[in-house]
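Here's the structure we're looking at; comments come further down.
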Amino acid sequence: MKRVTLELRVRQARITTYREAQRKRWRQGQAERMRWRQGHTSTSSRQSYFPPGSKIPAPTTFDLIRDHKGEITRFLRAVADSVLIHKKPVHLNFKHTEFFYVPATILLFAEIDRICSLAEIIKPVSIIDPIKRRPREVLKQIGLHQLTKDTCDIVPEREDVVYWKATKGATQTGDTYATLVEAVAERANRDHVKHLEVSGLWRSVSEAVANSVEHAYKYPRKDGFGGVPDTKWWMFSQIKDGYFSLAVCDLGCGYQKTIDETLPERFVALVASQFIGTNRDALAIDTAMEFGRSGTHQSHRGKGSRDALSLLAKHGTGELAVISNTGWMRYEYQNTKETKREAGSLSSSMGGTILWWRLPLIED
């Protein structure tokens, strides 16, 4: 066995140091290349997939919670980029779209309404209707063709479609959404053996609308949008499979931006210590649901976001999903008790807040 001399040890140490430095430089280079690719790809892939002024393919399924690739927000962002930045009209190609779920659908309705109202070009958005009848009926029923000034001769007739109702507003007077909910309740009572009890709904819906009007647009979103005077909130209602759904959407800054104004730090820290997830937007939602109060501090106003959750306890059974920017929370009640609480993250920010109640119809 060859004896290891001092000279050989020095040489080996020098080679080891050199190779370690090589590996470190390679790792740093890889990290730099990855950062460059991420920044470069996010722009170039979006432009190649959604070239400005062209047909923009809509997702097959509009479902925010399960949209792990961010197709919905990418689709809406491309529409806004083409119309509002590049000043080019677009065609929304819903040809292969099949399914619409409430949160994603109200976001679609709100964003297209926002884009059309801010556009500086004539006929900024046009619709290419889905091939299948049911999704065509949904788009017609919620009024998307009215927003884009397109024609659609189809008459909605499916039971899981005709109960879709949409409205919007800029104030918190209650006249607009009261008419919407009462119309759905009246039709449910007429067409179903079950009926809809709406007496406990008004306070929760009023508080959600008030929050949209008073707080959602205090700060601009990341894309700079700070609201428009004509419309501050959008609302959907639906009856399907024996459940009544109502969703309120705004395109504001989200819970995380406004939570510090209405809640002391100790409340936020308390919820954070017991929080079941890691998303900061979801944490802000959960904090507001636990300790929320009206940001106006007015005696005649409710308990802020807590009113949204108290509706489930009053109704006895139901669920509430709250989505804000990149986070979401879901609460489920049975027999006036909370039975389930979930937290999660979206793959990209939806740019606003959605509250979605789902309540079972009551047996006559």
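FYI, it's all coordinate maths here, none of it is from the lab. Keep in mind the model is a prediction, meaning the values are calculated, not measured. Using ideal geometry, Cβ is built from the backbone for each residue, glycine included, and neighbour counts are taken over all protein chains shown.
Can you flag which of K140/K165; K168/K218; K165/K222 are past 22 Å Cα-Cα?
Numbers: K140/K165 11 Å; K168/K218 19 Å; K165/K222 30 Å.
In this structure, K165/K222 exceed 22 Å between Cα atoms.
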Exercise. Which peptide among 160-172, 8-20 comes first, and what is the full order, when sorted by highest mean count of other Cβ atoms within 10 Å?
Worked result: 160-172, 8-20
Seminar exercise, completed: Going through K95/K132; K55/K88; K95/K232; K232/K257 one by one, the pairs whose alpha carbons sit over 19 Å apart turn out to be K95/K232
For this session: Give me the distance between the Cα centres of the range 313-364 and the range 78-152, rounded to whole Å.
Result: 26
Seminar exercise, completed: Exposure-ranked with fewest Cβ neighbours within 10 Å first, I259, I128 stand as I128, I259
Exercise. What are the semi-axes of the equivalent ellipsoid of the range 52-148, taken as the square roots of 5 times the eigenvalues of the Cα gyration tensor, listed largest first and rounded to whole Å?
Worked result: 20, 15, 12
